[in-house]
Amino acid sequence: MRIADGSGTLETAGADLDAGGGRVILHGRWTADQGPAVERASAEIAAQGRSQPVLVDLSGLARLDTLGAWVLERTRAEIEAAGGRLAYAGARPEHRILLGEMGLREPEPAPRDTRNPLVRLLDGTGRRVARGGNEILSGIAFLGEVVAAGGRVARRPQTFRMAALVNQLEQVALRGVPIIVLISFLVGGIVAQQGIFQLQRFGAQSFVVNLIGLLILRELGVLLTSIMVAGRSGSAFTAEIGSMRMREEVDALRVMGLDPIEILILPRILALVIGLPILAFLGSLAALAGGGLTAAIYGGMTVDAFLARLQAAVSFHHFAVGLIKAPFMALTIGIIATIEGFAVEGSAESLGRHVTASVVKSIFMVIVLDGLFAVFFAAIDF
């Protein structure tokens, strides 16, 4: 069989077939612009290969590109899969390189893990623990960079971008007030309602004021606010910095001789450290208001009685416990959110993955930090 040229004209010559098998001589251009003709010619070669071994002579080719080489290798794979054989002859060095690159290979099977299941479990646990330790160390190192940047700004106050801080305070604190106040109000009401239902069995529903006062001022107010800030502002920080990383704006800042830590990170973290205690204070007031309203509805308690009982149940140090936690939680949220933002690579999938990781890690670390503070304040009887 003889393929005359890339236009698809086929000529059959019996003299080209020897006793040992079929011989196919290729001529013309086997390139992308001759795609239909190349496909037809490859079908002829495949049909020839089903009946006998085929020797493909490439010496007459005028040109061979990636498409032509891929079609030839696909045809060879089809013939060999059917039990036949196809070989090349007369190939120039550039043809051999191209055919080698286009060779169809079966994917190598993943090596089977023959270890004991217990060993695999321990290995996976150890790797996760090591990864977590590395993340903690990187977070501490990043915190050091932020502190160093803050020291440089303190020495040169004129370089600090106050407009960026005010803008971030508006985004973090001012615009976050409605949602935080609303959710805190509802949560305070729910806690008071459930407390009243349980304490009524013992005729002690008035002690619900002690319950919500201590719980909200010491724990729930700042914890709930921190979780909402982590989901709202922390994810926004990661998305903003991650988008700048994808557009190479962070690299552009470095090329211009500017420090991204001072320009991007410091105003955001300061806004969190300033804004979170304010939001926690407002959230605690809203939760107490929700609890007082619920106590009036379900417990028949007047506003004066609720306030008098609250004043007797709590003192300033209970209120101070919540405010002391807030800056540390804000710093934790800011560090995690910015680290995840700088870790974003050049794809939307990476951005989504790191935004999710930012929220999850921030909420987890906020709860852990709250637990550590609870143990610490209990140890010093504060």
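The values are calculated or read from the model by the stated rules, or taken from the named source; none is laboratory data. From a predicted model like this one, the values you see are computed outputs, not experimental measurements. Ideal geometry is used to build each Cβ from the backbone, glycine not excepted, and the neighbour counts take in all protein chains shown. Note: areas computed on protein heavy atoms with side chains; ligands, DNA, RNA excluded. Shrake-Rupley method; radii C 1.70, N 1.55, O 1.52, S 1.80 Å.
If you take the beta carbon distance between Gln52 and Arg254 as r and set R0 to 51 Å, what does 1/(1 + (r/R0)^6) give as a FRET efficiency, to the nearest 0.05? Walk me through the numbers on the way to the answer.
Details: r = 66 Å, r/R0 = 1.29.
For R0 = 51 Å, the calculated efficiency reads 0.20.
If R0 is taken as 56 Å, the Cβ-Cβ distance between Ala77 and Leu293 corresponds to a FRET efficiency of 0.15.
Ordering Ser59, Ser235 from largest to smallest accessible area (1.4 angstrom probe), what's the sequence? Spell out each step's value before the answer.
Details: Ser59 70, Ser235 25 Å².
Result, largest first: Ser59, Ser235.
Which shape class applies to the stretch 91-173: rounded if a/c is under 1.5, otherwise prolate when a/b exceeds b/c and oblate if not, where a ≥ b ≥ c are the square roots of the Cα gyration tensor eigenvalues?
oblate
Suppose the chain between Phe364 and Ala62 were pulled fully straight at 0.36 nm per residue; how much longer would it get relative to their current alpha carbon spacing? Intermediate results must be reported in sequence, preceding the final value.
On the way: separation 302, 0.36 × 302 = 108.72 nm, distance 6.56 nm.
Net length gain for the segment: 102.2 nm.
Relative to the globular-protein estimate of 2.2 N^0.38 Å, the Cα radius of gyration of the chain stands at 1.70. Length gained on full extension, Gln198 to Ile136: 18.1 nm, using 0.36 nm per residue less the C-alpha separation.
Residues in the chain average 53 Å² of solvent-accessible surface per residue, probe 1.4 Å, ligands and nucleic acids excluded.
Annotation: amide H-H contacts under 5 Å for Gly60 (H modelled 1.01 Å from N, sequence separation of 5 or more, or interchain): Leu26. Give the longest segment of the chain that steers clear of GluC sites (Glu not before Pro) in DSSP loops with at most 15 neighbouring Cβ atoms within 10 Å, not counting the sites themselves. Counting at most 15 other Cβ atoms within 10 Å as exposed, the longest clean stretch of the chain is 1-247.
Using R₀ = 45 Å, calculate the FRET efficiency as 1/(1 + (r/R₀)^6) where r is the Cβ-Cβ separation of Arg92 and Leu122; round to 0.05.
Values: r = 56 Å, r/R0 = 1.25.
For Arg92 and Leu122, the calculated efficiency is 0.20.
For the pair Thr114 and Val147, label points projected 7 Å from Cα toward Cβ lie 5.1 nm apart.
Accessible surface for Ile227 stands near 50 Å², nearest 10, in the context of the full protein assembly shown (1.4 Å probe). Once the whole set of protein chains is in place, how much accessible area is left on Met162, using a 1.4 Å probe, in Å² to the nearest 10? Answer for Met162: close to 110 Å² accessible.
Which of the helices in the chain meet the span-like rule: DSSP H, Cα axial reach of 27 Å or more, Kyte-Doolittle mean at least 0.5?
Details: long enough: 117-155 (57 Å, 0.35); 177-199 (32 Å, 1.91); 266-298 (47 Å, 1.80); 316-342 (40 Å, 1.36); 348-379 (46 Å, 1.41).
Going by DSSP H runs, the hits are 177-199, 266-298, 316-342, 348-379.
Within the stretch 161-212, the trypsin sites (Lys or Arg not before Pro) that combine a DSSP coil assignment with at most 15 other C-beta atoms in a 10 angstrom radius are Arg161, Arg175.
May I ask you to derive the relative contact order of the chain, considering only C-alpha pairs under 8 Å and at least 6 residues apart, and to give it as an integer percent?
Details: 517 pairs, mean separation 60.4, N = 382.
Once normalised by length, the contact order is 16 percent.
Using a probe radius of 1.4 angstrom, the carbon and sulfur fraction of the accessible surface of the chain is 64%.
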